[in-house]
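Input: a single structure, listed below in structure tokens.
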Amino acid sequence: MLVVDNRLRVYGIDNLRIADASIIPHIASGNIMAHCVVIGEKAAEMIKAGGYSGGSTDRPDFLDDVRARKIDVIVVYKVDRLTRSLADFAKLVELFAAKTAGMHCITAWSTLKQS
């Protein structure tokens, strides 16, 4: 049974992550030091990135920077990485337009460019 999600957050406990060998579902025989180093590196990347997904628009630092006009362009790989809610997407587009921040979706551009 897994005790962490794919962002290393412990189920049922807020603000706690586990980044050690205990999260490996099947321990290989031999030295697992390299595995632990990779887990630590990935954990650091996730924590630095904030661990945000399209499931929520709760990104205070990002939205504050848009409001303060510190961001000129938002580039996303897919729109659903920004938000999965059409209503939230409309609010974000409205905010971006009001603060003159452009938005580009790479996959939409690729799709349009190929056709």
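What the table shows:
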item: Residue selected from the stretch 75-92 under the condition surrounded by 14 or more Cβ atoms within 10 Å (Cβ to Cβ) and of a type in the set (A, V, I, L, M), by the criterion nearest to L63 (Cα to Cα); result: L92
item: Tabulated pairs, the stretch 20-37, first surrounded by 12 or more Cβ atoms within 10 Å (Cβ to Cβ) and at pLDDT 80 or above, second assigned to a helix (DSSP H, G or I) and among the small types (G, A, S), C-beta under 9 angstrom, 6+ apart or interchain; result: D20/G40; I32/A21; H35/A21; C36/A21
item: Subset of the stretch 1-12 [surrounded by 11 or more Cβ atoms within 10 Å (Cβ to Cβ) and on the phi < 0 side of the Ramachandran plot]; result: V3, V4, D5, R7, R9, V10
item: Among residues of the stretch 57-92, those that are of a type outside the set (V, I, T), touching a residue at least 12 places away in the same chain (Cβ under 8 Å), in contact with a Leu (Cβ under 9 Å, 6 or more places away or on another chain) and closer than 16 Å to C105 by Cβ, counted; result: 3
item: Qualifying residue in the stretch 57-74 (condition: of a type in the set (D, E), loosely packed, with under 13 Cβ neighbours inside 10 Å and at pLDDT 85 or above); result: yes
item: Residue under evaluation A98, criteria (1) surrounded by 14 or more Cβ atoms within 10 Å (Cβ to Cβ); (2) modelled with pLDDT of 80 or more, criterion not met; result: (1)
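The values are calculated or read from the model by the stated rules, or taken from the named source; none is laboratory data. All values reported here derive from a predicted model rather than from experimental measurement. When we count neighbours, we look across all protein chains shown, and the Cβ atoms used for this are built from the backbone with ideal geometry, even at glycine.
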